[in-house]
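One structure below.
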Amino acid sequence: MHSLSSTPTNSWSPVHVSKESGLAGPEEGIILRDEVHTGGAHIVLERDPRPAPFAITCSISGWMIHTMYFLTEETSQQAFEQLKIELARILRLIPAEAEPQLEDDMQRVEDAIIDFISQFS
């Protein structure tokens, strides 16, 4: 792992997926937005996944994956932006392997992920 304490929240880049491609996302819906963070996070917004009109799946490599469902595109788009901020905040907590206090730092990351999932479920 690497320390991301200096990683800005705007380090997100779109994954270039044509909306006409019809590619299915993690929840088998049509991908509307797909972005990756330089620190190892990924977030995907889909239309028409199986259980709801919209879904957002987000992940932090090696740490977690979480999916949320929404009834409207407006609320899903708003959540997408908020989730990017929160994911970047968690990324900044991830310590480098050589850092002292590694165990305490890892616990802070785990606690932040638990809070994230509780807040966005």
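Residues in segment 1-25 that are at pLDDT 75 or above and crowded, with 18+ Cβ neighbours inside 10 Å were compared, and the one that is farthest from the chain's Cα centre (by Cα) is Gly25. Listed by first and then second residue, the pairs with beta-carbon distance under 9 Å, at least 6 apart or on different chains, first residue in segment 103-121 and on the phi < 0 side of the Ramachandran plot and surrounded by 14 or more Cβ atoms within 10 Å (Cβ to Cβ), second basic (Lys, Arg) and not in a loop (DSSP other than H, G, I, E, B), are Ala112/Arg89; Phe116/Arg89. Among the criteria (1) under 17 Å from the mean Cα position of the chain (by Cα); (2) free of Cβ contacts under 8 Å to residues at least 12 places away in the same chain, the one His37 does not fulfil is (2).
When Ile85, Ile65 are screened for being surrounded by 11 or more Cβ atoms within 10 Å (Cβ to Cβ) and more than 19 Å from Gly25 (Cα to Cα), only Ile85 passes.
Okay, residues lined up against (1) out of contact with any helix residue (DSSP H, G or I) (no Cβ under 7 Å at 6 or more places or on another chain); (2) over 14 Å from Glu35 (Cβ atoms); (3) without any contact (Cβ under 8 Å) to a residue 12 or more places away in the chain; (4) small (Gly, Ala, Ser):
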site: Ser59; (1), (2), (3), (4): yes, no, no, yes
site: Glu74; (1), (2), (3), (4): yes, yes, yes, no
site: Gln78; (1), (2), (3), (4): yes, yes, yes, no
site: Glu81; (1), (2), (3), (4): yes, no, yes, no
site: Lys84; (1), (2), (3), (4): yes, no, no, no
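The values are calculated or read from the model by the stated rules, or taken from the named source; none is laboratory data. Just so it is clear, the model here is predicted, and its values are computed rather than measured. Cβ coordinates were reconstructed from backbone atoms using ideal geometry, including for glycine residues, and neighbour counts include every protein chain displayed.
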